[in-house]
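> I'd like to ask you about the structure that follows.
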Amino acid sequence: MDVYLPIAGLSVNALVIVLLGGVVGLLTGMIGVGGGFLTTPILIFYGIPPAVAVASATTQITGTSVSGVLAHRRRKGVDYRMGAVIITGGLFGAAAGGGIFRLLQDTGQIDTVINILYVVLLGSIGVLMAKESATALDILKPKGGAGAKKVRRHNPLIASLPMRWRFYSSGLYISPLAPLLLGFVGGMLTVLLGVGGGFIMVPAMIYLLGMSAQVVVGTSLLQILFVTAATTLIHATTTKSVDVVLAGLLLLGSVIGAQFGARFAQKAKPELLRMFLAIVILAVALRMAIGLGWRPEEIYTVQLL
C-alpha cells in the first residue's frame, strides 16, 4: 500500500511507516521517554530526507504529548510555574534553532549536520544509559560503595544564581535563569533534531535543578507540547519541511504502540528495559556513524524538479 509524500517527494509503504511509528510508540510506552530521538534516524535510514524527517517527527511528538500532559495533570504532577519558565526559554531556543536550520539548509549542509549531531547525541546517551542500567543490574559495581558522598539536591552553581523564585510544586527556591537556559537548549535541539528533548530535560531537571520526581515528567511533557507545537509552526512557515501525510502515519502507529508498551512495561523489569533501549540507541548511533563515512556507489545524483 504505497502513498505519496508530497513534501518528501517520494512514495513509501504506508504500513511500513505505521509500523515504524508503532515500534517507537512501543518503546515510548515501555521506557517512558519520547521517541523522537529514534524516529528521525530511522526515517533517514528508510530514505526520507533528513530535513523532512526532523520537521515531521516534531509534528508527531506534539500529538502524542497531549495525552501525557492530561494524564499527569489529573494526578497534579505538573509544575505550571516551572513549566512556564522552561517553555519561555524553549520558544526563544526554537526561534534561534529555526534560523540556524534555515541557514544550514540554504548552504546545503543540513543533512550532514543532523547526522553528526545524532551520532554524538545518541552515542553519549546510549553509553550513559547502558552504564546506569549495568550498575542497576549489578553487572558493574557503583563507585564509592557504601561510603560514597551524598548527592546534592541541585548543582551549587545553580543555587548561587541571583533573582530567586519559589517553585512550590517542585519544592525549589532557585533562580529562573537556570530553567530558562535549559529550556533554550531544549528548544534548539527540538528544531535541529526533531526531538522532544525529554531524554535530556528529565535528567537535567532532576540532577541540575533538583526538581521533585513527582512533577518532573509532567512538567517536561508540558514543555515538549508547547515547544514542539511552536517548532512545527516554524518548520511549516520557514523551512517548508513538514509532511503532514508522513506525520499522520507515524502518529497513528505510535498511539497504538504506546498502549501495548505501557502494558508490557508493567510486567518487565525496568532495568532490563533501559538496557534494551541503550543497546538500540547505540546501534542506531553506530549505523549513522557508518553512513557518514561510507562511500556511496553513486557520488553524484541529479534530481529533476
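The values are calculated or read from the model by the stated rules, or taken from the named source; none is laboratory data. As the structure is a computational prediction, the values presented were derived from the model and not from experiment. Ideal geometry is used to build each Cβ from the backbone, glycine not excepted, and the neighbour counts take in all protein chains shown. These accessible areas exclude ligands, DNA and RNA; they are computed on the full protein's heavy atoms, side chains included. Shrake-Rupley method; radii C 1.70, N 1.55, O 1.52, S 1.80 Å.
> Leaving out ligands, DNA and RNA but keeping every protein chain, what accessible area does Asp138 have, in Å² rounded to the nearest 10, with a 1.4 Å probe?
130
> Another question, if that's okay. Go through Met275, Met211 and list them by solvent-accessible area, largest first, probe radius 1.4 Å.
Ranking Met275, Met211 by accessible area, largest first, yields Met275, Met211.
> Taking the highest mean first, how do the peptides 222-232, 109-119 order by number of other beta carbon atoms within 10 angstrom per residue?
222-232, 109-119
> Could you report the accessible area of Leu104 in Å², rounded to 10, computed with a 1.4 Å probe on the protein chains as they sit in the structure?
40
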